[in-house]
1. Restricting to region 388-425, and then to whatever is open to solvent by less than 60 Å² (accessible area, probe 1.4 Å) and in contact with a helix residue (DSSP H, G or I) (Cβ under 8 Å, 6 or more places away or on another chain), can you tell me which residue is nearest to residue 342 (Cα to Cα)?
2. When the residues of region 208-218 are filtered to those that are surrounded by fewer than 18 Cβ atoms within 10 Å (Cβ to Cβ) and within 21 Å of the chain's Cα centre (by Cα), which remaining residue is nearest to residue 256 (Cα to Cα)?
3. For residue 486, state whether it is exposed (fewer than 13 other Cβ atoms within 10 Å of the Cβ), assigned to a helix (DSSP H, G or I), at negative phi and modelled with pLDDT under 80.
4. If you take the residues of region 553-581 that are hydrophobic (A, V, I, L, M, F, W, C) and part of a loop (DSSP other than H, G, I, E, B), which of them is surrounded by the most Cβ atoms within 10 Å (Cβ to Cβ)?
5. Is it the case that residue 468 is assigned to a helix (DSSP H, G or I), at pLDDT below 80 and in contact with a Ser or Thr (Cβ under 9 Å, 6 or more places away or on another chain)?
6. Go through region 283-301 and give me each residue that's open to solvent by less than 40 Å² (accessible area, probe 1.4 Å) and over 21 Å from residue 220 (Cβ atoms).
Amino acid sequence: MKILTHILLAGLFGGSVDSISLLMTFMMVIAFFICWGINRISYLRIHRNSKRIKEISTIMKHTLNMSGDYVLRLSLADHQGHNMHGNFLTEKGMSYEESLTHIHPDDREGYIDFIHRLMEGEKAASCNFRWNAGTPEAPQWRNIHDQGIAQYANVKLRVPTNLFCTLTDRTEELIQEEEEQQLNDKYRKIFEQSIVGLAFYDKDGQLLNANQKMREILKFQSENDPYYYGNTLYDMPTFREVINHRKVEELWFCTKSVVVERGVNCYTELRVHPIHDERGELVYITFSIRDITQERELYLRNKQNDADIRRQSEAIQQYETELQYLMERCDMRFWRSSFANRTITFHKGLSTAEREMTFDELAEQFFDEDMRSYYKNPENVRKAGATTRICKTRPFFHEGREYQWNIFDSVPYYNEDGTMAGTYGIIRNVTPLIEKQEQLRRETERAKDSGHMKSVFMANMTHEIRTPLNSIVGFSDVLPMMQTPEEKHEIVKVIMNNCDMLLRLINDILAVSTLDSDGVKIEERQVDFAKTFDEICVSMEERVQTPGVAFIKDNPCQRLLTTLDPGRIQQVITNFVTNAVKYTHEGHIKVGYEYRSGGLYIYCEDTGAGIPEKDQQKVFERFVKLNDYVQGTGLGLSICKAIAERCGGRIGVTSEGEGKGSTFWIWIPCEIIEN
């Protein structure tokens, strides 16, 4: 700068030509430094912008990596797509035509429309399609969300040169959404189809939701009944005195529920359960209700039966006391027989032997020829076991030719090796007590019948409930192993059918005592019996577990639309198959139906034990069993008969005899509905 100043001063005060030359040189130098400064400033500015762009590019790259999205560029000049971020396409790229082959046929039209909208000037667009990430032979479909924008070489002409697309793989997200929806639907079904009324309330006692059973018990006028949704739980008459608004505690009690506004008047079992958050504050209240009116009636009836039995027992005790008095006043002896010695010893007391005689001498005391033959051969006594016989005999312990009636009780006793050594018992003269004993026998039999009926009734509950309950448990275990929604749907349908059957069985058990007077309830509805029959057979086939026994289904129709009660029909078929399984050990069990004579003829054919002709009508009576060693109570076929009579139909069994199988059938009148 000092040199430039010196030259400038010399030019100004020197010669004129040289001065002008120096001035021009100076001006050029100044212009050079100005341009250099401007360029330097521009360079620094460009450098800063470039660094900032790189930082933004790095941030965007990391963001794309974290999001898992792909970025593609589709050149409209050669219709070739390339990866800009990620490896969605192959390394060398892919043509537009080839990419269409990877898109699901149902989604191609939507994808082509998406490309056309971008090419025709739309600023941005999006679409969803399924992309085959595998091969045509083994496709792997991925759900892709595509967001695209167009790049223009000439903005004014709006002619795009490239399309940039951001692709998001939503496969896992959609699968998770579907699983969550299925889980929600599953618990929703459980909530709605529960056999117990369920409801949810918020902490202020406002009703949030109630299932179908709750609406039935409390007689909702609609799903959003304004009475129940407009009043809080704390305002309900049943809970007004037992629930503290500020502190809700666990409650479980039975009471008579009365809601005058909705005509509710029944006995119920109620449970209130508070739900708290992690801080212990009340969040929700769960409320369950169960109608126990019928159970209460059954309890009262059983209580009355117990009281009747107790009175009968007291009467029996009175008769036993009277009989004991008479036994002490009568001529009675204890006796003991020995098969080894062929002798019988009579005792007046527990240790005093009064008389000893042989079996032949004992036989001569009887007037009945059968009794004489019986006691002359001790082997008959051995085979008979414990017996009680009333016999007409000569006097055993005093002289005389008069006749008398004696009760001869015989009970076997055994050696240490388990062989029968003889019998023991008492012999007593009961001639004066015949009339009293006959009266006692009638009262005893009546009391025994009362106790027996109660025992059979309780056993029948187990027998009848086990049938649908086993299907529910079995198919519930199978349900988690099903892979497709269709399979799960069919299993759930079977479970729900058996749940419905279980409820009907419980209603039958509650009403069995009044079967003859009130009868069973029939709820007819329009059904496709061919489809219903297939569903019933799925459950029935599971019951046939005996090796060598085949289950055969005879469904002659693909569709048979009629009106009947499918639950009662399933109950009949279940009882038929249950009995067939018990008595069939080889061969087959065949279930089928046909439409004949204006009604539905349903049969169950088996190759089991068969039924003698004399017992074929007896099996439909209550508590009748032809084989006491086979499980069951004998109530199932009587219910089937009641169902047939209630429907105006007929029921029967055909069998050629023992060992030749049998066929149980029922005919229910109904009409085929033409579509």
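1. 423
2. Taking the candidates together, the pick is 216.
3. Against the criterion (exposed (fewer than 13 other Cβ atoms within 10 Å of the Cβ), assigned to a helix (DSSP H, G or I), at negative phi and modelled with pLDDT under 80), residue 486 does not qualify.
4. Looking at the filtered set, the residue picked out is 560.
5. Considered against the rule, which asks whether it is assigned to a helix (DSSP H, G or I), at pLDDT below 80 and in contact with a Ser or Thr (Cβ under 9 Å, 6 or more places away or on another chain), residue 468 comes out as yes.
6. Scanning region 283-301 gives a single hit, 298.
Yes or no, residue by residue, for (1) at pLDDT 85 or above; (2) at positive phi; (3) more than 27 Å from the chain's Cα centre (by Cα):
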site: 277; (1), (2), (3): yes, no, yes
site: 283; (1), (2), (3): yes, no, yes
site: 286; (1), (2), (3): yes, no, no
site: 289; (1), (2), (3): yes, no, no
site: 293; (1), (2), (3): yes, no, no
site: 301; (1), (2), (3): yes, no, yes
site: 306; (1), (2), (3): yes, no, yes
site: 318; (1), (2), (3): no, no, yes
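This table checks each residue for (1) open to solvent by less than 50 Å² (accessible area, probe 1.4 Å); (2) in contact (Cβ under 8 Å) with a residue 60 or more places away in the chain; (3) among the hydroxyl-bearing types (Ser, Thr, Tyr); (4) within 14 Å of residue 205 (Cα to Cα).
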{"residue": "221", "(1), (2), (3), (4)": "no, no, no, no"}
{"residue": "226", "(1), (2), (3), (4)": "no, no, no, no"}
{"residue": "237", "(1), (2), (3), (4)": "no, no, no, yes"}
{"residue": "243", "(1), (2), (3), (4)": "yes, no, no, yes"}
{"residue": "256", "(1), (2), (3), (4)": "no, no, no, no"}
{"residue": "259", "(1), (2), (3), (4)": "yes, no, no, no"}
{"residue": "273", "(1), (2), (3), (4)": "no, no, no, yes"}
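The values are calculated or read from the model by the stated rules, or taken from the named source; none is laboratory data. Every value quoted in this text rests on a predicted model; they were computed, and no experiment measured them. Please note: Cβ atoms are built from the backbone with ideal geometry, for glycine as well, and neighbour counts cover all protein chains shown. For the accessible areas, the whole protein counts, side chains as well, though only heavy atoms, and no ligand, DNA or RNA atoms are used. Shrake-Rupley method; radii C 1.70, N 1.55, O 1.52, S 1.80 Å.
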